[in-house]
Amino acid sequence: MAEQSESLNPYDMALQHFDAAADLLQLDEPIRERMRLPERELIVHFPVKMRTGRIRTFTGYRVQHSTARGPAKGGIRYHPDVTLDEVRALASWMTYKCATVKIPFGGGKGGVVCNPKELDIHELESLTRRFTSEISLFIGPDRDIPAPDVYTNSRTMAWMVDTYSMHRGFYSPGVVTGKPLAVGGSEGRTDATARGCVIVIAEAARRMGLKLKDARVVIQGFGNAGSVAARLMHDEYDAKVVAVSDSQGAIFCRDGLDPHRVIEHKERTGSVVGYAGAEGLSPDELLALECEILIPAALENVITTEVARKTRARIIAEAANGPTVPAADEILSDKGVCVLPDILANAGGVTVSYFEWVQNNQGYYWKESDVNARLKEIMVDAFDQVDLTAKRHKVSLRRAAYILAVGRVAEAHSWLGIYP
Ligand code: NAD
(Lines give C-alpha, C1' and ligand atoms only; values in the text may rest on other atoms or scores of the structure.)
Protein backbone atom coordinates (compact mmCIF):
# COMPACT_ATOMS: atom_id res chain seq x y z
CA MET A 1 0.00 0.00 0.00
CA ALA A 2 1.34 3.47 -0.87
CA GLU A 3 2.42 5.36 2.21
CA GLN A 4 0.52 8.52 3.16
CA SER A 5 2.48 11.67 2.17
CA GLU A 6 4.65 13.22 4.88
CA SER A 7 3.19 16.75 4.90
CA LEU A 8 5.25 19.15 6.96
CA ASN A 9 2.95 22.18 6.67
CA PRO A 10 1.40 22.34 10.15
CA TYR A 11 -1.91 23.67 8.86
CA ASP A 12 -2.21 20.81 6.34
CA MET A 13 -1.45 18.47 9.24
CA ALA A 14 -4.18 20.06 11.34
CA LEU A 15 -6.67 19.79 8.48
CA GLN A 16 -5.87 16.11 7.91
CA HIS A 17 -6.82 15.33 11.53
CA PHE A 18 -9.91 17.53 11.33
CA ASP A 19 -11.11 16.01 8.03
CA ALA A 20 -10.72 12.45 9.28
CA ALA A 21 -12.88 13.21 12.33
CA ALA A 22 -15.39 15.23 10.26
CA ASP A 23 -15.77 12.24 7.88
CA LEU A 24 -16.44 9.85 10.76
CA LEU A 25 -18.94 12.30 12.27
CA GLN A 26 -20.53 12.88 8.83
CA LEU A 27 -20.42 16.59 9.58
CA ASP A 28 -22.74 18.90 7.61
CA GLU A 29 -20.87 20.59 4.75
CA PRO A 30 -21.52 24.25 5.81
CA ILE A 31 -20.32 23.62 9.40
CA ARG A 32 -17.36 21.68 8.08
CA GLU A 33 -16.40 24.54 5.78
CA ARG A 34 -16.62 27.04 8.66
CA MET A 35 -14.47 24.91 10.92
CA ARG A 36 -11.79 24.34 8.27
CA LEU A 37 -10.98 28.05 8.19
CA PRO A 38 -10.02 30.41 11.03
CA GLU A 39 -12.60 33.06 11.96
CA ARG A 40 -10.13 35.96 11.95
CA GLU A 41 -6.47 36.56 11.12
CA LEU A 42 -4.46 39.65 11.90
CA ILE A 43 -1.01 40.31 10.41
CA VAL A 44 1.00 43.21 11.83
CA HIS A 45 4.33 44.75 10.77
CA PHE A 46 5.71 47.03 13.44
CA PRO A 47 8.87 48.96 14.31
CA VAL A 48 11.05 48.44 17.39
CA LYS A 49 13.92 50.67 18.43
CA MET A 50 16.95 48.47 19.12
CA ARG A 51 19.69 49.10 21.71
CA THR A 52 21.99 50.50 19.01
CA GLY A 53 19.38 53.13 18.04
CA ARG A 54 18.60 51.23 14.82
CA ILE A 55 14.90 50.68 14.01
CA ARG A 56 13.94 47.12 13.01
CA THR A 57 10.59 46.05 11.58
CA PHE A 58 9.05 42.81 12.89
CA THR A 59 6.09 40.78 11.65
CA GLY A 60 3.55 39.27 14.02
CA TYR A 61 0.32 37.30 13.77
CA ARG A 62 -2.77 36.70 15.87
CA VAL A 63 -5.26 34.14 14.60
CA GLN A 64 -8.64 33.34 16.13
CA HIS A 65 -9.66 29.95 14.82
CA SER A 66 -12.94 29.64 16.69
CA THR A 67 -15.03 31.47 19.26
CA ALA A 68 -17.97 29.04 19.02
CA ARG A 69 -17.43 27.64 22.55
CA GLY A 70 -16.04 30.77 24.22
CA PRO A 71 -13.41 33.49 23.81
CA ALA A 72 -10.37 32.55 21.72
CA LYS A 73 -7.49 31.24 23.83
CA GLY A 74 -3.89 30.45 23.00
CA GLY A 75 -0.25 31.32 23.42
CA ILE A 76 2.16 33.74 21.79
CA ARG A 77 5.33 32.28 20.26
CA TYR A 78 8.58 34.14 19.54
CA HIS A 79 10.61 32.18 16.99
CA PRO A 80 12.44 32.89 13.71
CA ASP A 81 10.44 30.15 11.92
CA VAL A 82 6.95 31.41 12.88
CA THR A 83 4.64 31.46 9.83
CA LEU A 84 0.96 32.30 9.35
CA ASP A 85 0.21 28.63 8.59
CA GLU A 86 1.93 27.53 11.78
CA VAL A 87 -0.09 30.04 13.82
CA ARG A 88 -3.29 28.90 12.05
CA ALA A 89 -2.52 25.29 12.92
CA LEU A 90 -1.70 26.12 16.54
CA ALA A 91 -4.94 28.16 16.80
CA SER A 92 -7.06 25.27 15.53
CA TRP A 93 -5.32 22.84 17.88
CA MET A 94 -6.29 25.20 20.72
CA THR A 95 -9.95 25.02 19.63
CA TYR A 96 -9.90 21.22 19.73
CA LYS A 97 -7.78 21.05 22.89
CA CYS A 98 -10.25 23.22 24.84
CA ALA A 99 -13.10 21.10 23.50
CA THR A 100 -11.32 17.83 24.42
CA VAL A 101 -11.08 18.86 28.07
CA LYS A 102 -14.46 20.65 27.91
CA ILE A 103 -13.33 24.08 29.03
CA PRO A 104 -15.38 27.02 27.72
CA PHE A 105 -12.85 28.57 25.37
CA GLY A 106 -12.34 28.68 21.63
CA GLY A 107 -8.93 28.63 19.99
CA GLY A 108 -6.42 31.31 19.07
CA LYS A 109 -2.67 31.70 18.73
CA GLY A 110 -0.10 34.37 18.03
CA GLY A 111 3.52 34.68 17.09
CA VAL A 112 6.25 37.12 16.23
CA VAL A 113 8.95 36.26 13.71
CA CYS A 114 12.10 37.00 15.71
CA ASN A 115 15.05 35.32 17.37
CA PRO A 116 14.57 36.13 21.06
CA LYS A 117 18.08 34.82 21.82
CA GLU A 118 19.50 37.76 19.84
CA LEU A 119 17.41 40.36 21.69
CA ASP A 120 18.32 41.85 25.07
CA ILE A 121 15.73 42.29 27.81
CA HIS A 122 14.97 45.92 26.82
CA GLU A 123 14.46 45.00 23.18
CA LEU A 124 12.22 42.08 24.19
CA GLU A 125 10.16 44.43 26.35
CA SER A 126 9.81 47.00 23.54
CA LEU A 127 8.88 44.28 21.04
CA THR A 128 6.30 42.78 23.43
CA ARG A 129 4.72 46.12 24.30
CA ARG A 130 4.50 47.23 20.68
CA PHE A 131 3.11 43.86 19.52
CA THR A 132 0.53 43.99 22.34
CA SER A 133 -0.51 47.48 21.21
CA GLU A 134 -0.81 46.28 17.61
CA ILE A 135 -3.15 43.42 18.57
CA SER A 136 -4.90 45.22 21.44
CA LEU A 137 -8.14 45.75 19.49
CA PHE A 138 -8.24 42.02 18.83
CA ILE A 139 -7.62 40.67 22.34
CA GLY A 140 -9.39 41.08 25.70
CA PRO A 141 -10.60 39.02 28.67
CA ASP A 142 -13.90 38.20 26.97
CA ARG A 143 -12.53 38.10 23.40
CA ASP A 144 -9.17 36.47 23.01
CA ILE A 145 -6.77 35.63 25.83
CA PRO A 146 -3.07 35.03 25.01
CA ALA A 147 -0.63 33.00 27.15
CA PRO A 148 3.05 31.97 26.97
CA ASP A 149 4.32 29.55 24.33
CA VAL A 150 7.78 28.83 22.90
CA TYR A 151 10.31 31.47 24.05
CA THR A 152 7.74 33.59 25.89
CA ASN A 153 7.06 33.32 29.62
CA SER A 154 5.44 34.96 32.67
CA ARG A 155 7.74 38.00 32.25
CA THR A 156 6.33 38.49 28.73
CA MET A 157 2.78 38.14 30.06
CA ALA A 158 3.34 40.81 32.76
CA TRP A 159 4.43 43.31 30.05
CA MET A 160 1.32 42.40 28.05
CA VAL A 161 -1.00 42.99 31.03
CA ASP A 162 0.60 46.36 31.73
CA THR A 163 0.46 47.51 28.10
CA TYR A 164 -3.15 46.38 27.62
CA SER A 165 -4.20 47.94 30.97
CA MET A 166 -2.56 51.26 30.00
CA HIS A 167 -4.55 51.26 26.76
CA ARG A 168 -7.85 50.49 28.49
CA GLY A 169 -7.23 52.84 31.42
CA PHE A 170 -7.84 50.21 34.10
CA TYR A 171 -6.09 47.13 35.47
CA SER A 172 -7.06 44.15 33.37
CA PRO A 173 -5.21 40.99 34.48
CA GLY A 174 -7.67 38.63 32.72
CA VAL A 175 -6.37 39.64 29.27
CA VAL A 176 -3.61 37.02 29.41
CA THR A 177 -2.83 33.93 31.48
CA GLY A 178 0.47 32.48 32.60
CA LYS A 179 1.23 35.67 34.55
CA PRO A 180 3.52 35.93 37.59
CA LEU A 181 1.65 35.31 40.88
CA ALA A 182 2.20 38.95 41.90
CA VAL A 183 0.03 40.22 39.03
CA GLY A 184 -2.84 37.75 39.14
CA GLY A 185 -1.19 34.51 38.04
CA SER A 186 -2.48 31.19 39.33
CA GLU A 187 -0.79 28.81 41.71
CA GLY A 188 0.21 25.72 39.75
CA ARG A 189 0.24 27.36 36.27
CA THR A 190 4.00 26.94 35.69
CA ASP A 191 3.77 23.19 36.24
CA ALA A 192 0.32 22.76 34.67
CA THR A 193 1.20 21.67 31.10
CA ALA A 194 3.64 19.04 32.32
CA ARG A 195 1.43 18.02 35.25
CA GLY A 196 -1.50 17.40 32.91
CA CYS A 197 0.84 15.41 30.66
CA VAL A 198 2.15 13.16 33.44
CA ILE A 199 -1.40 12.59 34.72
CA VAL A 200 -2.45 11.16 31.34
CA ILE A 201 0.81 9.18 31.08
CA ALA A 202 0.00 7.61 34.45
CA GLU A 203 -3.55 6.76 33.34
CA ALA A 204 -2.33 5.19 30.09
CA ALA A 205 0.46 3.27 31.87
CA ARG A 206 -1.99 1.89 34.44
CA ARG A 207 -4.22 0.54 31.67
CA MET A 208 -1.24 -0.96 29.83
CA GLY A 209 0.06 -2.59 33.01
CA LEU A 210 3.26 -0.53 32.74
CA LYS A 211 4.91 0.41 36.04
CA LEU A 212 6.22 3.98 36.13
CA LYS A 213 8.73 3.28 38.91
CA ASP A 214 12.10 3.07 37.14
CA ALA A 215 10.42 3.44 33.74
CA ARG A 216 12.90 5.07 31.34
CA VAL A 217 11.83 8.52 30.15
CA VAL A 218 13.34 10.47 27.23
CA ILE A 219 12.43 14.12 26.76
CA GLN A 220 13.05 16.31 23.71
CA GLY A 221 12.94 20.03 24.66
CA PHE A 222 13.85 21.27 28.11
CA GLY A 223 11.81 24.45 28.50
CA ASN A 224 8.62 24.95 30.49
CA ALA A 225 6.87 21.77 29.32
CA GLY A 226 9.92 19.48 29.11
CA SER A 227 11.88 20.42 32.22
CA VAL A 228 8.81 20.29 34.49
CA ALA A 229 7.77 16.94 32.97
CA ALA A 230 11.26 15.63 33.82
CA ARG A 231 10.96 16.89 37.41
CA LEU A 232 7.46 15.49 37.94
CA MET A 233 8.23 12.07 36.39
CA HIS A 234 11.29 11.86 38.66
CA ASP A 235 9.83 13.29 41.89
CA GLU A 236 6.25 12.05 41.81
CA TYR A 237 6.45 8.75 39.89
CA ASP A 238 10.02 7.55 40.62
CA ALA A 239 10.65 7.22 36.90
CA LYS A 240 14.18 7.35 35.49
CA VAL A 241 14.77 10.31 33.16
CA VAL A 242 17.59 8.89 31.04
CA ALA A 243 17.95 11.55 28.34
CA VAL A 244 16.92 15.14 27.65
CA SER A 245 17.70 17.68 24.93
CA ASP A 246 17.33 21.32 23.98
CA SER A 247 18.11 23.35 20.86
CA GLN A 248 21.87 23.06 21.60
CA GLY A 249 22.09 19.25 21.94
CA ALA A 250 21.19 16.17 23.98
CA ILE A 251 22.53 14.38 27.09
CA PHE A 252 22.15 10.77 28.25
CA CYS A 253 22.76 8.90 31.51
CA ARG A 254 21.80 5.22 31.71
CA ASP A 255 21.31 5.39 35.50
CA GLY A 256 19.04 8.40 35.28
CA LEU A 257 19.59 12.16 35.47
CA ASP A 258 18.66 14.35 38.42
CA PRO A 259 16.26 16.80 36.71
CA HIS A 260 16.73 19.40 39.48
CA ARG A 261 20.46 19.53 38.82
CA VAL A 262 19.99 19.59 35.05
CA ILE A 263 17.57 22.52 35.46
CA GLU A 264 20.18 24.35 37.60
CA HIS A 265 22.84 23.61 34.97
CA LYS A 266 20.62 24.97 32.17
CA GLU A 267 19.80 28.09 34.19
CA ARG A 268 23.50 28.68 34.76
CA THR A 269 24.87 27.88 31.29
CA GLY A 270 21.86 28.32 28.97
CA SER A 271 21.78 24.66 27.86
CA VAL A 272 21.58 21.08 29.12
CA VAL A 273 24.74 20.37 27.11
CA GLY A 274 27.90 19.95 29.21
CA TYR A 275 26.05 18.66 32.28
CA ALA A 276 28.57 16.64 34.32
CA GLY A 277 27.85 12.93 34.71
CA ALA A 278 26.11 12.52 31.38
CA GLU A 279 27.31 11.74 27.89
CA GLY A 280 26.37 13.77 24.84
CA LEU A 281 24.37 12.28 21.98
CA SER A 282 22.86 13.50 18.73
CA PRO A 283 19.22 14.63 18.47
CA ASP A 284 18.48 11.62 16.20
CA GLU A 285 20.01 9.18 18.69
CA LEU A 286 17.87 10.66 21.46
CA LEU A 287 14.66 9.95 19.57
CA ALA A 288 15.68 6.34 18.90
CA LEU A 289 16.72 5.48 22.49
CA GLU A 290 15.28 2.42 24.17
CA CYS A 291 12.75 3.75 26.70
CA GLU A 292 9.25 3.26 28.02
CA ILE A 293 8.15 6.88 27.61
CA LEU A 294 9.16 9.46 25.01
CA ILE A 295 7.99 13.04 25.57
CA PRO A 296 8.42 15.41 22.63
CA ALA A 297 8.30 18.86 24.29
CA ALA A 298 9.83 21.21 21.70
CA LEU A 299 8.38 21.96 18.25
CA GLU A 300 6.35 20.43 15.42
CA ASN A 301 7.33 17.71 12.92
CA VAL A 302 9.74 15.82 15.18
CA ILE A 303 8.23 12.33 14.98
CA THR A 304 8.64 11.75 11.26
CA THR A 305 8.01 8.39 9.57
CA GLU A 306 11.72 7.62 10.01
CA VAL A 307 11.62 8.36 13.75
CA ALA A 308 8.39 6.36 14.05
CA ARG A 309 10.11 3.34 12.51
CA LYS A 310 13.10 3.68 14.84
CA THR A 311 11.40 4.52 18.12
CA ARG A 312 11.50 1.93 20.87
CA ALA A 313 9.17 3.81 23.22
CA ARG A 314 5.93 2.21 24.47
CA ILE A 315 4.22 5.54 25.14
CA ILE A 316 4.73 8.80 23.24
CA ALA A 317 3.20 11.69 25.20
CA GLU A 318 2.92 14.84 23.10
CA ALA A 319 3.72 17.70 25.44
CA ALA A 320 4.52 19.76 22.33
CA ASN A 321 1.89 20.79 19.81
CA GLY A 322 1.96 18.88 16.52
CA PRO A 323 5.17 16.88 17.09
CA THR A 324 3.99 13.85 15.07
CA VAL A 325 3.46 14.02 11.30
CA PRO A 326 0.19 12.32 10.27
CA ALA A 327 1.99 9.67 8.19
CA ALA A 328 3.95 8.57 11.28
CA ASP A 329 0.76 7.87 13.25
CA GLU A 330 -0.04 4.80 11.17
CA ILE A 331 3.45 3.33 11.72
CA LEU A 332 3.24 3.94 15.47
CA SER A 333 -0.19 2.38 15.63
CA ASP A 334 1.03 -0.73 13.71
CA LYS A 335 3.92 -1.01 16.19
CA GLY A 336 1.48 -0.82 19.11
CA VAL A 337 2.96 2.42 20.48
CA CYS A 338 0.45 4.31 22.64
CA VAL A 339 0.41 7.92 21.38
CA LEU A 340 -1.12 10.40 23.80
CA PRO A 341 -2.16 13.16 21.39
CA ASP A 342 -1.24 16.81 21.94
CA ILE A 343 -4.84 18.04 22.22
CA LEU A 344 -5.16 15.79 25.27
CA ALA A 345 -1.59 15.39 26.59
CA ASN A 346 -0.71 19.10 26.83
CA ALA A 347 -4.19 20.39 27.72
CA GLY A 348 -3.18 20.85 31.37
CA GLY A 349 -1.69 24.25 30.50
CA VAL A 350 -4.86 25.72 29.06
CA THR A 351 -6.92 24.09 31.81
CA VAL A 352 -5.04 25.95 34.53
CA SER A 353 -5.06 29.05 32.29
CA TYR A 354 -8.84 28.73 32.44
CA PHE A 355 -8.62 28.50 36.25
CA GLU A 356 -6.40 31.60 36.25
CA TRP A 357 -8.93 33.52 34.13
CA VAL A 358 -11.79 32.41 36.41
CA GLN A 359 -9.79 33.58 39.47
CA ASN A 360 -9.07 36.96 37.77
CA ASN A 361 -12.76 37.41 36.94
CA GLN A 362 -13.82 36.45 40.46
CA GLY A 363 -11.01 38.30 42.24
CA TYR A 364 -10.79 35.21 44.46
CA TYR A 365 -7.64 33.10 44.43
CA TRP A 366 -7.28 29.35 45.01
CA LYS A 367 -4.68 27.25 46.83
CA GLU A 368 -2.23 25.20 44.74
CA SER A 369 -3.69 21.96 46.13
CA ASP A 370 -7.15 23.01 44.87
CA VAL A 371 -5.77 23.92 41.44
CA ASN A 372 -3.95 20.58 41.15
CA ALA A 373 -6.94 18.55 42.37
CA ARG A 374 -9.27 20.22 39.84
CA LEU A 375 -6.70 19.78 37.07
CA LYS A 376 -6.41 16.08 37.86
CA GLU A 377 -10.17 15.62 37.81
CA ILE A 378 -10.44 17.24 34.36
CA MET A 379 -7.46 15.37 32.86
CA VAL A 380 -8.54 11.95 34.15
CA ASP A 381 -12.11 12.52 32.96
CA ALA A 382 -10.87 13.66 29.51
CA PHE A 383 -8.55 10.64 29.25
CA ASP A 384 -11.44 8.29 30.16
CA GLN A 385 -13.72 9.79 27.53
CA VAL A 386 -11.05 9.72 24.82
CA ASP A 387 -10.12 6.12 25.70
CA LEU A 388 -13.78 5.04 25.66
CA THR A 389 -14.36 6.75 22.29
CA ALA A 390 -11.24 5.07 20.87
CA LYS A 391 -12.54 1.65 21.93
CA ARG A 392 -16.07 2.37 20.69
CA HIS A 393 -14.91 3.48 17.22
CA LYS A 394 -11.84 1.18 17.14
CA VAL A 395 -9.56 4.14 16.38
CA SER A 396 -6.40 5.69 17.86
CA LEU A 397 -6.52 8.01 20.86
CA ARG A 398 -5.76 10.92 18.53
CA ARG A 399 -8.66 10.14 16.21
CA ALA A 400 -10.89 9.64 19.27
CA ALA A 401 -9.90 12.99 20.79
CA TYR A 402 -10.69 14.71 17.47
CA ILE A 403 -14.05 12.91 17.20
CA LEU A 404 -15.02 14.23 20.64
CA ALA A 405 -13.60 17.73 20.12
CA VAL A 406 -14.81 18.33 16.56
CA GLY A 407 -18.24 17.00 17.57
CA ARG A 408 -18.44 19.44 20.51
CA VAL A 409 -17.44 22.47 18.40
CA ALA A 410 -19.86 21.42 15.64
CA GLU A 411 -22.65 21.07 18.20
CA ALA A 412 -21.99 24.62 19.43
CA HIS A 413 -22.18 25.89 15.82
CA SER A 414 -25.44 24.13 15.19
CA TRP A 415 -27.01 25.72 18.30
CA LEU A 416 -25.63 29.19 17.54
CA GLY A 417 -26.82 29.13 13.92
CA ILE A 418 -25.89 31.76 11.36
CA TYR A 419 -25.92 35.51 12.00
CA PRO A 420 -27.86 37.43 10.68
P1 NAD B 1 9.93 26.84 25.99
O2 NAD B 1 10.35 27.99 25.17
O3 NAD B 1 9.83 27.01 27.45
O4 NAD B 1 10.90 25.60 25.68
C5 NAD B 1 11.18 25.13 24.40
C6 NAD B 1 12.33 24.16 24.53
O7 NAD B 1 12.51 23.48 23.29
C8 NAD B 1 13.66 24.82 24.87
O9 NAD B 1 14.35 24.04 25.83
C10 NAD B 1 14.42 24.76 23.53
O11 NAD B 1 15.81 24.75 23.71
C12 NAD B 1 13.89 23.45 23.01
N13 NAD B 1 14.10 23.28 21.58
C14 NAD B 1 13.91 24.18 20.57
N15 NAD B 1 14.27 23.61 19.41
C16 NAD B 1 14.69 22.35 19.69
C17 NAD B 1 15.19 21.28 18.92
N18 NAD B 1 15.31 21.40 17.60
N19 NAD B 1 15.53 20.13 19.56
C20 NAD B 1 15.40 19.99 20.89
N21 NAD B 1 14.93 20.97 21.66
C22 NAD B 1 14.58 22.13 21.08
O23 NAD B 1 8.55 26.35 25.36
P24 NAD B 1 7.40 25.49 26.06
O25 NAD B 1 6.40 26.44 26.59
O26 NAD B 1 8.00 24.44 26.92
O27 NAD B 1 6.75 24.81 24.77
C28 NAD B 1 7.24 23.58 24.22
C29 NAD B 1 6.12 22.92 23.44
O30 NAD B 1 5.03 22.71 24.32
C31 NAD B 1 5.57 23.75 22.27
O32 NAD B 1 5.16 22.89 21.24
C33 NAD B 1 4.37 24.42 22.89
O34 NAD B 1 3.42 24.82 21.92
C35 NAD B 1 3.87 23.30 23.77
N36 NAD B 1 2.96 23.72 24.83
C37 NAD B 1 3.38 24.57 25.81
C38 NAD B 1 2.48 24.95 26.79
C39 NAD B 1 2.88 25.86 27.92
O40 NAD B 1 2.03 26.08 28.82
N41 NAD B 1 4.08 26.37 27.97
C42 NAD B 1 1.16 24.46 26.78
C43 NAD B 1 0.79 23.57 25.78
C44 NAD B 1 1.70 23.20 24.81
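The values are calculated or read from the model by the stated rules, or taken from the named source; none is laboratory data. Given the structure is predicted, the values throughout are model-derived calculations rather than measurements. All Cβ positions, even for glycine, are placed from backbone atoms using ideal geometry, and neighbour counts span all protein chains on display. These area figures cover heavy atoms from the full protein model, side chains too; ligands, DNA and RNA do not enter into them. Shrake-Rupley method; radii C 1.70, N 1.55, O 1.52, S 1.80 Å.
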* Asked: Treating the beta-carbon of each Lys and Arg as +1 and of each Asp and Glu as -1, no other charges, what is the dipole magnitude of the chain about its Cα centre, to the nearest 20 debye?
  -> 660
* Using a 1.4 Å probe, how large is the accessible area of TYR364, given in Å² and rounded to the nearest 10? -> 150
* Considering lysine pairs in region 47-126 that are 8 or more places apart or on different chains, how many have Cα atoms under 28 Å apart? -> 8
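Residues with beta-carbon under 9 Å from that of ALA288, excluding ALA288: net charge, scoring Lys, Arg +1 and Asp, Glu -1? Spell out each step's value before the answer.
Details: positive: LYS310, ARG312; negative: ASP284, GLU285, GLU290.
Residues close to ALA288 contribute a combined charge of -1.
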* **Options HIS234, GLY348, VAL82, ranked by Cα towards positive dipole end of the chain, top entry (Cβ charges)** => GLY348
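Taking only protein heavy atoms into account and a 1.4 Å probe, give the accessible area per residue of region 323-420 in Å². Walk me through the numbers before you get to the answer.
On the way: 4440 Å² over 98 residues.
That works out to 45 Å² for each residue.
Of all beta bridges DSSP finds with both residues in the chain, what is the antiparallel percent, to the nearest 5? Walk me through the intermediate numbers first.
Values: 24 of 48 bridges.
DSSP beta bridges in the chain are roughly 50 percent antiparallel.
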* **Whole-Å distance, taken between Cα centres, linking region 233-258 and region 377-401** => 28
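How high is the relative contact order of region 75-204? Use alpha-carbon pairs under 8 Å, at least six apart in sequence, and give a whole percent. Spell out each step's value before the answer.
Values: 168 pairs, mean separation 29.4, N = 130.
Taking the mean separation of contacting Cα pairs over the length of region 75-204, I get 23 percent.
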* Structure fact -> Sorted largest first, the Cα spans of the chain on the principal axes come out in Å as 55, 54, 45
* List the pair-distance distribution P(r) of region 263-420, using every Cα-Cα distance, as the percent of pairs falling in each 10 Å bin from 0 up to the bin containing the longest distance, rounded to whole percents. => 9, 28, 30, 23, 8, 1, 0
* **Mean Kyte hydropathy of 0.0 or more with a Cα span along the axis of at least 27 Å, helices from DSSP in the chain** => 189-208, 397-416
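Placing unit charges on C-beta atoms (Lys and Arg positive, Asp and Glu negative, everything else neutral), compute the dipole magnitude of region 99-242 about its Cα centre in debye, rounded to 20.
Numbers: 18 positive and 16 negative charges, 103 e Å.
In total the dipole reaches around 500 debye.
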* Asked: What nm value, rounded to one decimal, do you get for the distance between GLU377 and SER165 when each label is placed 7 Å out toward the C-beta?
  -> 3.0
* Debye intensity ratio in log₁₀ form over the Cα atoms of region 133-237, taken at each q of 0.21, 0.24 Å⁻¹ -> -1.03, -1.22
* Could you state the principal axis extents of the C-alpha atoms in region 63-184, from the largest down, to the nearest angstrom? -> 38, 35, 25
